[in-house]
Amino acid sequence: MDLANFLIQLLNSVQYGLLLFMLAAGLTLIFGIMGVVNLAHGSFYMLGAYMAWSLSTLTGSLTLAIVMGAVLSVAFGLALEWLLFRHFYKRDHLDQVLLTFGLIYIFEEVRSILWGDDVHGVTIPDVLSASLPLTDNLSYPVYRLFMSGVCIALALGLYFMISKTRLGMKIRAGAFNRDMAESLGINIKLIHAVVFALGVGLAAVAGMIAAPVASVYPNMGSQVLIMCFVVVVIGGIGSVRGALISALLVGLVDTFGKVLLPSMAGMLVYMLMAAVLLWKPEGLFKQ
Amino acid sequence: MSSAKANLEILPRGVQVALGLGLIALVAFPFVGTDFYTQMVTRMMIMAIFAMSLDLLQGVSGLVSLGHAAYFGLAGYALAFLTPAGEPVSLWWTLPLAVLASGLAALIIGFFVVRTHGIYFIMVTMAFAQMVFYLFFDNKALGGSDGLYINFKPSAAIFGWTPFDLDSKLTLYYFTLGALLLVYAFLRRLLWSPFGRTLAGIRVNEHRMRAMGFGTFGYKLSAFTLAGALAGLAGYLWGTQTGYINPELMGFHMSAHAIMMVILGGMGNFAGAIVGAFAFEYLLHVFKDLPTLGSVNLGKHWQLWMGLFIVLLVVFAPRGILGLVEKFTQRKNKAEAGHE
């Protein structure tokens, strides 16, 4: 593998890792703070991708579609939390698994009724459709760099929100000791709703920005969900920092695995997870 | 997290009688049912074995595995690999070998997953099952995404003498029923054995069990291995009945269906798993068979109905059918007490 090729794979793996982080961050926050295992998290990614497709064909602009989609998905998250999830925070994990599995079926079928079962492509906006030439015949698409940029911006925003703002302080207080936070006058129900909607929004935005690269197809949520599980298990549940590092690690192993060991590529990530489990059963950054 | 800890282990007399009647109905069914329904009930019984094997983990030991279908599928694949293209293969060594293969896979994967607890266990079992899924899905040599055909049903011949012939749908039905009863009897015995009591103890309070000197890792790993092997038995029967095996059978939808069956019936007593498997498979059949109303084919959207059903069930009746029976009898008792 020469340098240019290596660079392309490296950029791809970082981009994939950052995308996984967007999903895993929501998943790990929702678990860490509310104690809910959410199998339907992949469905939010899928819904995001489909929204990007239909809104961008409707409005003619992907940027506008992403903004509208983000607002819609946050609203959707709030509604879902209010209707179902808030009643399941204290229930058994088994009930949560079943609830969210049922939701996967519902979301998949609603998607099939609304948008059909075909594979769709989303066009990249003209501004971002160029490629950066690396050598004579190798180049790197600007859109992928843009994706990584968006993910980094959102990751920084998330970090700033959680560690520097008043809202973030309340979220951390709620995660640390729910009852104590509540008795100090923090509206913990509101905090939960916000965190849940934030998770849904992050997953949907990930789906929306990934849509032009990954295309839009049925069941696209399940595969990404399992990758997110691996990321969260390696990183340690509840740790956003762990999710970031482990997402980048998984992106690296998966991307280079596909190039160097194509026959084993599907399994390498899971072997990484097995190794981490042997070494640290609670993940690398268990809080 | 306490709701799942107290199981209905001793079946009320009424439920016992109902189970006995159900057994009589199962024995008599092929004489009254059509071929189609006989095959459907065969499949239900296979799923019941699968669900019981999961109940050993989920209901008895409190280990929620979201990857149990991997062991189900592996035994089916083992049968597919062992069956030559041109002739049937003997039941007598392929069945134990396939069950052993599933058990071995469960032992290896269990070695990693049993270290984890709660939510980690759910995610890790699912991830490892997905690893097995991709192993078969990505490799053309292992059948790839299309899966493999099993051209011949295993033969029961011993030195030229054939006690029964699984090619006959009726024989396969009774063979499966026999397997179902054996597995049920075995697991009920196991439930009340010291091993079963230890597993139940681990479900209720693992720390206390360790403090009392039980090596819970070994117990959990044994349960995981045994459950995997029994799932393999179900998978072998599935392969025998349908004549094909594909990666979808190891997917997480299949695992979630098994969880659903155990929940639907009621956890921790194996009878519930059987009831749940029958109920779930029947519901699936009903939902997929819904008529077309106007221009809308209701059956095509079976996932929507199943999804709604699951959500409603978990919101309103989280302890399943047997749980509802229990609730109603309690309510009746309370009402009677109130009259005095």
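On the basis of being of a type in the set (Val, Ile, Thr) and more than 11 Å from chain A (Cβ to nearest Cβ), does B:VAL262 make the cut? Steps first, please.
Details: of a type in the set (Val, Ile, Thr): yes; more than 11 Å from chain A (Cβ to nearest Cβ): no.
In short, no.
For region B:223-234, does any single residue satisfy the condition of being surrounded by fewer than 24 Cβ atoms within 10 Å (Cβ to Cβ), of a type in the set (Ser, Thr, Tyr) and either within 30 Å of B:SER168 (Cα to Cα) or without any contact (Cβ under 8 Å) to a residue 24 or more places away in the chain (or both)? Spell out how you get there, then give the answer.
Looking only at region B:223-234, we keep the residues that are surrounded by fewer than 24 Cβ atoms within 10 Å (Cβ to Cβ), and these are B:225-226, B:229.
After this cut, where a residue has to be of a type in the set (Ser, Thr, Tyr) as well, the list is B:225.
Remaining after also requiring either within 30 Å of B:SER168 (Cα to Cα) or without any contact (Cβ under 8 Å) to a residue 24 or more places away in the chain (or both): none.
No, the conditions are met nowhere in region B:223-234.
Which one of these is touching a strand residue (DSSP E or B) at 6+ places or on another chain (Cβ under 6 Å), surrounded by fewer than 24 Cβ atoms within 10 Å (Cβ to Cβ) and not aliphatic (A, V, I, L, M): B:TYR244, B:TYR282?
Details: B:TYR282 fails: touching a strand residue (DSSP E or B) at 6+ places or on another chain (Cβ under 6 Å).
Result: B:TYR244 is the single residue among B:TYR244, B:TYR282 that is touching a strand residue (DSSP E or B) at 6+ places or on another chain (Cβ under 6 Å), surrounded by fewer than 24 Cβ atoms within 10 Å (Cβ to Cβ) and not aliphatic (A, V, I, L, M).
Residues to consider are B:LEU298, B:LEU226, B:LEU290; find the one that is in contact with a helix residue (DSSP H, G or I) (Cβ under 9 Å, 6 or more places away or on another chain) and modelled with pLDDT of 90 or more. Walk me through it before giving the result.
On the way: B:LEU298 fails: modelled with pLDDT of 90 or more; B:LEU290 fails: modelled with pLDDT of 90 or more.
B:LEU226 is the lone residue from the list that is in contact with a helix residue (DSSP H, G or I) (Cβ under 9 Å, 6 or more places away or on another chain) and modelled with pLDDT of 90 or more.
Looking at region B:170-286, what helices (runs of 4 or more DSSP H) fall wholly within it and have at least 3 residues that are within 27 Å of A:LEU99 (Cβ to Cβ)?
Details: elements: B:194-204, B:206-211, B:216-242, B:252-265.
Once the helices (runs of 4 or more DSSP H) in region B:170-286 are filtered for at least 3 residues that are within 27 Å of A:LEU99 (Cβ to Cβ), what remains is B:194-204, B:216-242, B:252-265.
Answer yes if at least one residue in region A:89-110 is part of a helix (DSSP H, G or I) and surrounded by fewer than 15 Cβ atoms within 10 Å (Cβ to Cβ), and no otherwise.
Pass one, region A:89-110, residues part of a helix (DSSP H, G or I): A:93-110.
Right, trim to surrounded by fewer than 15 Cβ atoms within 10 Å (Cβ to Cβ) and you get none.
Checked against the condition, which is being part of a helix (DSSP H, G or I) and surrounded by fewer than 15 Cβ atoms within 10 Å (Cβ to Cβ), region A:89-110 yields no hits at all.
Name every residue in region A:91-109 that is more than 7 Å from every other protein chain (Cβ to nearest Cβ) and over 15 Å from B:ILE310 (Cα atoms), in order of residue number.
A:ARG91
Within region B:167-181, is there a residue that is closer than 22 Å to B:LEU97 by Cβ and loosely packed, with under 12 Cβ neighbours inside 10 Å?
To start, the set of residues in region B:167-181 that are closer than 22 Å to B:LEU97 by Cβ comprises B:167, B:171-172, B:175-176, B:178-180.
The next check asks that each one be loosely packed, with under 12 Cβ neighbours inside 10 Å; those that pass are B:178.
Yes, region B:167-181 contains a residue that is closer than 22 Å to B:LEU97 by Cβ and loosely packed, with under 12 Cβ neighbours inside 10 Å.
Kindly establish whether A:LEU62 is at pLDDT below 90, under 26 Å from A:SER139 (Cα atoms) and either surrounded by 20 or more Cβ atoms within 10 Å (Cβ to Cβ) or within 19 Å of the chain's Cα centre (by Cα) (or both). Steps first, answer last, please.
Numbers: at pLDDT below 90: yes; under 26 Å from A:SER139 (Cα atoms): yes; either surrounded by 20 or more Cβ atoms within 10 Å (Cβ to Cβ) or within 19 Å of the chain's Cα centre (by Cα) (or both): yes.
When the stated conditions are applied, A:LEU62 passes them.
Among the residues of region A:142-167, write down those that are out of contact with any Leu (no Cβ under 7 Å at 6 or more places or on another chain) and without any contact (Cβ under 8 Å) to a residue 24 or more places away in the chain.
A:GLY149, A:ALA153, A:LEU156, A:GLY157, A:PHE160, A:SER163, A:LYS164, A:THR165, A:ARG166
Of the conditions (1) out of contact with any strand residue (DSSP E or B) (no Cβ under 9 Å at 6 or more places or on another chain); (2) modelled with pLDDT of 95 or more, B:LYS334 fails just one. Which one is it?
(2)
Within region B:95-132, count every residue that is within 11 Å of chain A (Cβ to nearest Cβ) and in contact with a Gly (Cβ under 6 Å, 6 or more places away or on another chain). Can you show your working first?
Initial filter on region B:95-132 (within 11 Å of chain A (Cβ to nearest Cβ)): B:108-109, B:111-132.
Now drop any that are not in contact with a Gly (Cβ under 6 Å, 6 or more places away or on another chain), which leaves B:125-126, B:128-129.
Result for region B:95-132: 4.
Out of the residues in region B:136-156 that are surrounded by fewer than 20 Cβ atoms within 10 Å (Cβ to Cβ) and part of a helix (DSSP H, G or I), state the one that is farthest from the other protein chains (Cβ to nearest Cβ).
Of everything passing the filter in region B:136-156, B:ASP146 is farthest from the other protein chains (Cβ to nearest Cβ).
Does region B:77-92 contain any residue that is touching a Gly at 6+ places or on another chain (Cβ under 6 Å), within 14 Å of another protein chain (Cβ to nearest Cβ) and surrounded by 18 or more Cβ atoms within 10 Å (Cβ to Cβ)? It would help to see each step written out before you state the result.
Initial filter on region B:77-92 (touching a Gly at 6+ places or on another chain (Cβ under 6 Å)): B:79.
Restricting the remaining residues to those that are within 14 Å of another protein chain (Cβ to nearest Cβ) gives none.
No: zero hits.
As an exercise: evaluate A:LEU55 against (1) free of Cβ contacts under 8 Å to residues at least 24 places away in the same chain; (2) within 15 Å of the chain's Cα centre (by Cα) and give the number of the one condition it does not meet.
(2)
Check B:ILE263, B:ILE310, B:ILE274 and return the single one that is crowded, with 20+ Cβ neighbours inside 10 Å and in contact with a Pro (Cβ under 8 Å, 6 or more places away or on another chain).
Residue meeting the stated conditions: B:ILE263.
Which numbered condition in (1) modelled with pLDDT of 95 or more; (2) assigned to a loop (DSSP other than H, G, I, E, B) is the only one that B:LEU11 fails?
Condition (1) is where B:LEU11 drops out.
Restricting to region A:266-287, give me the number of residues that are more than 7 Å from every other protein chain (Cβ to nearest Cβ), assigned to a helix (DSSP H, G or I) and either farther than 15 Å from B:ARG115 by Cα or not aliphatic (A, V, I, L, M) (or both).
Here the count works out to 5.
Checking the conditions here, which among B:THR34, B:THR42 is more than 19 Å from B:TRP192 (Cα to Cα), more than 19 Å from the chain's Cα centre (by Cα) and among the polar types (S, T, N, Q)?
Numbers: B:THR42 fails: more than 19 Å from the chain's Cα centre (by Cα).
The unique qualifying residue is B:THR34.
Looking at region A:1-41 only, could you name the residues that are assigned to a loop (DSSP other than H, G, I, E, B) and of a type in the set (A, V, I, L, M)? Don't jump to the end; show me each part of the working.
If we filter region A:1-41 for residues that are assigned to a loop (DSSP other than H, G, I, E, B), which is where we start, we get A:1-2, A:35-40.
A:MET1, A:VAL36, A:VAL37, A:LEU39, A:ALA40, listed by residue number.
The values are calculated or read from the model by the stated rules, or taken from the named source; none is laboratory data. Model, not experiment: these values are computed from the prediction. All Cβ positions, even for glycine, are placed from backbone atoms using ideal geometry, and neighbour counts span all protein chains on display.
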